[in-house]
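Single-structure report; data block below.
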Amino acid sequence: MKNLSIAFLAGMAVCVTSVADARPDTRAMTCEQTQDLIKSHRSAVLTTGRNTYDRYVRQFGNECDWPDVPSAASVPTRDGQCRVYRCQEPTFNRSP
């Protein structure tokens, strides 16, 4: 039984590593490739740094849960910073 538990845990570690490795890295793509990937899939979870990732969405669409809306963000790409969108709760500036 102990060997089965160890084998199961080892298998789970491999699965987790494989999923993390499969996430596209914006630093290895051009800005155009990054934007096209997001547009073609409507949203995508992308690696943006050694230990960072986030979910990015199309500018116009229903990919964000209410009350979140697509907000401009910037990610590093092979050819510089790239403008993309991610879901964020809107902030309202109220003047007194």
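Could you grab me the full set of residues in the range 43-68 that are more than 25 Å from A22 (Cα to Cα) and surrounded by 14 or more Cβ atoms within 10 Å (Cβ to Cβ)?
The one that is more than 25 Å from A22 (Cα to Cα) and surrounded by 14 or more Cβ atoms within 10 Å (Cβ to Cβ): D68.
Would you mention how many residues in the range 70-94 are surrounded by 14 or more Cβ atoms within 10 Å (Cβ to Cβ) and either more than 17 Å from P24 (Cα to Cα) or in contact with a strand residue (DSSP E or B) (Cβ under 6 Å, 6 or more places away or on another chain) (or both)?
Qualifying residue count, the range 70-94: 10.
Return the residues of the range 40-71 that are free of Cβ contacts under 8 Å to residues at least 12 places away in the same chain and either of a type outside the set (V, I, T) or in a helix (DSSP H, G or I) (or both); say none if nothing qualifies.
Across the range 40-71, the qualifying residues are S40, H41, R50, N51, F60, N62, W66.
Hey, among S18, S5, S40, which residue is surrounded by fewer than 10 Cβ atoms within 10 Å (Cβ to Cβ) and at pLDDT 95 or above?
Sole residue among the options that is surrounded by fewer than 10 Cβ atoms within 10 Å (Cβ to Cβ) and at pLDDT 95 or above: S40.
The values are calculated or read from the model by the stated rules, or taken from the named source; none is laboratory data. For clarity, every value in this text was computed on a predicted model and none was experimentally measured. Positions of Cβ are backbone-derived with ideal geometry, glycine not excepted, and every protein chain shown enters the neighbour counts.
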